[in-house]
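Take a look at the structure below.
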Ligand SMILES: [Zn+2]
């Protein structure tokens, strides 16, 4: 129970200690590297009651969230997180009284995260001066914040010398008495410091996304340096590098997914079978998303590791969705990859107006008549011939080097720099987006 008999001094002293400890932790973590590991909970080790309880947490969070969103401003601000009795709507739209049984910690985190969301909405509104609506009611609540390691969740190591492995790979989650076996514990590196986590409900099960902090190691052994690279985002082969390498990063929908969708179409909507097919489809989509993410990570690693400079062009992928190539863009990991690249400080992003397809990297001639169907670039002035995408990547690399050269004088000018009239148009577009 909450202690009500604390004096004012005691309370201030307590909150000061908490604050100091939190600051020390933040300071320590600032010098470390955060890493999130995904641990799958083995729901088979729980009994029915415990499993239902775990799923009920998500439902109760949803009820509470929607209850809070329905309150007036003053009522919301003055909401007491000790409240256990709330009103909510059932699936037919009738008002029902709900009794919350989940841990008090969850009530607090749902409330504080909503407060944060509202504050950031209001901040955005102040900044842009536009009305930006309000938070919508949730149809699902899939991610519960576990904000304090050792309190809301912890990994059980058990007493030393425990031979039977009772505690092996188990975690404790607040509200569930039994220790829960998890998969994926081997991802956690030795010496990691555990921090907050999220309990996430996915179609394939329940996961604990645990944040760890690990020591930064500055070993230069693994970094064999590779030459600088230009990359061109195409539509046909997705990505072409100036080394002539092509990556196809599209991930196709599986045959199983197509089959399941056909099955769903035949079934009676709302029937038992329909719901179970629907769940299988959602699982397939989750797998597809995982494959996409894996592919993006792999290509990103290939491109970036060991390079001092990578040059890419800002491409309007959002625009592609609307155009002809929507399906192909959607089935690839392009968006994820681009976001990862753009957030890397070693990647130089060139303005999208830069004519990377038209310009010859040797003589700087603008080949205006090149069409989207021409796969080979042939320069009418110097006779330079190259695959169209590889050439684009090479031109981008030169343009990127030119950018760098402009920043540090004394470096050799590139063909792009030598080209007359180029600088004016180039600067005019505000060359680098960053
Ligand atoms: Zn040329």
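Test each condition in (1) away from the ligand (no atom under 16 Å from the Cβ); (2) modelled with pLDDT of 70 or more for residue 428 and report the one that comes out false.
(2)
Considering each of 279, 257 in turn, give the residue that is surrounded by 15 or more Cβ atoms within 10 Å (Cβ to Cβ) and farther than 30 Å from residue 356 by Cβ.
Details: 279 fails: surrounded by 15 or more Cβ atoms within 10 Å (Cβ to Cβ).
Selected residue: 257, the only one of 279, 257 that is surrounded by 15 or more Cβ atoms within 10 Å (Cβ to Cβ) and farther than 30 Å from residue 356 by Cβ.
Assess whether residue 405 counts as being buried (at least 22 other Cβ atoms within 10 Å of the Cβ) and farther than 19 Å from residue 238 by Cα. Full working, then the answer.
Details: buried (at least 22 other Cβ atoms within 10 Å of the Cβ): no; farther than 19 Å from residue 238 by Cα: yes.
Considered against the rule, which asks whether it is buried (at least 22 other Cβ atoms within 10 Å of the Cβ) and farther than 19 Å from residue 238 by Cα, residue 405 comes out as no.
Testing residue 205 on (1) assigned by TED's automatic domain parsing to the domain that holds residue 153; (2) in contact (Cβ under 8 Å) with a residue 60 or more places away in the chain; (3) on the phi < 0 side of the Ramachandran plot, one condition comes back false. Which one is that?
Among (1) assigned by TED's automatic domain parsing to the domain that holds residue 153; (2) in contact (Cβ under 8 Å) with a residue 60 or more places away in the chain; (3) on the phi < 0 side of the Ramachandran plot, residue 205 violates only (3).
Does residue 403 qualify as being away from the ligand (no atom under 16 Å from the Cβ), more than 29 Å from the chain's Cα centre (by Cα), in the same structural domain as residue 241 (by TED's automatic domain parsing) and at pLDDT below 80? Show your work before the answer.
Values: away from the ligand (no atom under 16 Å from the Cβ): yes; more than 29 Å from the chain's Cα centre (by Cα): yes; in the same structural domain as residue 241 (by TED's automatic domain parsing): yes; at pLDDT below 80: yes.
Against the criterion (away from the ligand (no atom under 16 Å from the Cβ), more than 29 Å from the chain's Cα centre (by Cα), in the same structural domain as residue 241 (by TED's automatic domain parsing) and at pLDDT below 80), residue 403 qualifies.
Restricting the search to the stretch 369-397, which residues are in a loop (DSSP other than H, G, I, E, B) and either within 10 Å of the ligand (Cβ to nearest atom) or closer than 23 Å to residue 311 by Cα (or both)? Before you say what the answer is, go through the steps one by one.
Our first condition is that a residue be in a loop (DSSP other than H, G, I, E, B); within the stretch 369-397, this holds for 369-375, 379-384.
Answer for the stretch 369-397, where residues must be in a loop (DSSP other than H, G, I, E, B) and either within 10 Å of the ligand (Cβ to nearest atom) or closer than 23 Å to residue 311 by Cα (or both): 370, 372, 375, 379, 380, 381, 382, 383, 384.
What is the one condition in (1) within 16 Å of the ligand (Cβ to nearest atom); (2) modelled with pLDDT under 75 that residue 408 does not satisfy?
Exception for residue 408: condition (1).
Against the definition (closer than 30 Å to residue 251 by Cα, touching a strand residue (DSSP E or B) at 6+ places or on another chain (Cβ under 6 Å) and either more than 13 Å from the ligand (Cβ to nearest atom) or modelled with pLDDT of 80 or more (or both)), how does residue 341 come out, yes or no? So that I can check it myself, show each step before the final result.
Values: closer than 30 Å to residue 251 by Cα: yes; touching a strand residue (DSSP E or B) at 6+ places or on another chain (Cβ under 6 Å): yes; either more than 13 Å from the ligand (Cβ to nearest atom) or modelled with pLDDT of 80 or more (or both): yes.
Yes: the conditions hold for residue 341.
Looking at the stretch 160-171, can you tell me whether even one residue there is assigned by TED's automatic domain parsing to the domain that holds residue 36, assigned to a loop (DSSP other than H, G, I, E, B) and modelled with pLDDT of 85 or more?
Keep residues of the stretch 160-171 that are assigned by TED's automatic domain parsing to the domain that holds residue 36, which gives 160-171.
The next check asks that each one be assigned to a loop (DSSP other than H, G, I, E, B); those that pass are 160-169.
From what is left, the residues that are modelled with pLDDT of 85 or more are none.
Within the stretch 160-171 (the criterion being assigned by TED's automatic domain parsing to the domain that holds residue 36, assigned to a loop (DSSP other than H, G, I, E, B) and modelled with pLDDT of 85 or more), the answer is no, since none of the residues qualifies.
Determine whether residue 64 is part of a helix (DSSP H, G or I) and surrounded by 12 or more Cβ atoms within 10 Å (Cβ to Cβ). I'd like the intermediate steps shown before the answer.
On the way: part of a helix (DSSP H, G or I): yes; surrounded by 12 or more Cβ atoms within 10 Å (Cβ to Cβ): yes.
Answer is yes for this residue.
Go through the stretch 344-368 and give me each residue that's within 13 Å of the ligand (Cβ to nearest atom), without any contact (Cβ under 8 Å) to a residue 40 or more places away in the chain and within 14 Å of residue 232 (Cα to Cα).
358
Could we say that residue 109 is outside any loop (DSSP other than H, G, I, E, B) and either within 31 Å of the chain's Cα centre (by Cα) or surrounded by fewer than 16 Cβ atoms within 10 Å (Cβ to Cβ) (or both) here? Step through it out loud before you land on a result.
Numbers: outside any loop (DSSP other than H, G, I, E, B): yes; either within 31 Å of the chain's Cα centre (by Cα) or surrounded by fewer than 16 Cβ atoms within 10 Å (Cβ to Cβ) (or both): yes.
Yes, satisfied.
The values are calculated or read from the model by the stated rules, or taken from the named source; none is laboratory data. Keep in mind that what you see is a predicted model, and the values were worked out from it rather than measured. In this analysis, Cβ positions are derived from the backbone assuming ideal geometry, glycine residues included, and neighbour counts consider all displayed protein chains.
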